[in-house]
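Below is one structure, written out as structure tokens; the observations come after it.
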Amino acid sequence: MKLGPVKRITTDGFLKQSPCFSPDGKQIAFVRQVQDEFGIYTVNADGSSLKRITEPRPDKAPQYQPTWSPDGKKIAYVFVTFAGTDGTLHIQTMNPEGKEVTRIVSGTQFSLQPMWSPDGKQLAFTSMRHGNQEVYRSDADGKNVIRLTTDPGLDQNPSWSPDSNRIAFDSTRDGNQEVYMMDAADGKNLKRLTNHPSADYCPRWSPDGKHIAFVSNRDGNDEIYVMDTEGSGLTNVSHHPSMDKFPCWRPDGKALLWVSRRDNVSDLYLSEIE
């Protein structure tokens, strides 16, 4: 796979994380840090009409990791509540205007990294509800939670296959971060996709189901790589000495979006697939 020229989408330079496209590809939701507060924003795919959709909070607790529902009607995200010096991470939903907020996954332990299944029926997320960070899935409303991983290593960053049958994720179960996939129904048929002494993480499945984008520092800095779903054909597609992280496929599968510091500030960049 080869990418074309890289286009800078945002230009304000504030720290950004976790971009995701709306299902129609017209908008991008992402996390933006202004001063010491993390909030969720949307911007048109061409970089116009930047808008904050989460309300500023007096305690400045972060709101982050947005993910758009397949029907475009909701955004799931992480909401933090503070109690003294301790924080609890919940998963909530809101509409794309930041209204109709509903808490769907809660508890005394962290729940984070929500990802909608492409069929819109389920949600994958990570949680420490059993003492170790594992990958779980639930119904779209947060009910009927099922634990999918049971390893003492750190399991995180779930990403659904387009048919909603498989989940890619990264894990430290073999000593360092590597990318794996498993059955979404029960966590079985585990397969390791990467094998490198450096960290490989944050996998994102392509809309056509043929590729997985992920982050690797095997070149000495964080770069965006793409591989096929069997773990072969690894290609560095970002090729830049600065940090490149948080890959996201455009819904038509013809472009990749990510966060980079290539202009010495943190912004969103996009490249069409040639």
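Every number in this text was worked out from the coordinates using simple rules, so none of it is lab data. Computed from a predicted structure; not experimentally measured. Neighbour counts are summed over all protein chains in view; Cβ atoms, including those assigned to glycine, are modelled from backbone coordinates with ideal geometry.
Only Cα pairs under 8 Å and 6+ residues apart enter the sum, and on that basis the relative contact order of the stretch 99-218 stands at 17 percent. Relative contact order for the chain: 16 percent, from Cα pairs under 8 Å spaced at least 6 residues apart, divided by residue count.
List the GluC sites (Glu not before Pro) in the stretch 68-142 that DSSP assigns to loop (not H, G, I, E or B) and whose Cβ has at most 13 other Cβ atoms within 10 Å. Which are they? Working shown, then result.
On the way: sites: 97, 100, 134; in loops: 97, 100.
Qualifying residues, ordered by number: 97, 100.
Give me a comma-separated list of calculated 3J(HN,Hα) values for the stretch 233-242, in order, Karplus coefficients 6.51, -1.76, 1.60 applied at θ = phi - 60°, integers in Hz, x for any Gly or Pro. Residue by residue, the stretch 233-242 yields x, 5, 9, 7, 9, 9, 6, 8, x, 8 Hz. Exceedance of the 22 Å cut-off in Cα-Cα distance is limited, within the set 51/74; 26/99; 51/143; 210/254; 188/245, to 51/143; 188/245. The charge dipole of the chain, taken about the Cα centre with unit charges on the Cβ atoms of Lys, Arg (+1) and Asp, Glu (-1), comes to about 340 debye, rounded to the nearest 20. Taking amide H positions as modeled 1.01 Å from N, with prolines and chain starts lacking one, the residues under 5 Å from residue 194 and 5 or more places away or on another chain are 179.
Backbone geometry of the stretch 60-65 corresponds, through the Karplus equation with coefficients 6.51, -1.76 and 1.60 at θ = phi - 60°, to 3J(HN,Hα) couplings of 6, 5, x, 10, 7, 6 Hz, x marking Gly and Pro.
Structure remark: mean-square fluctuation, Gaussian network model of the chain, C-alpha springs under 10 Å; the largest value among 22, 117, 48 belongs to 48.
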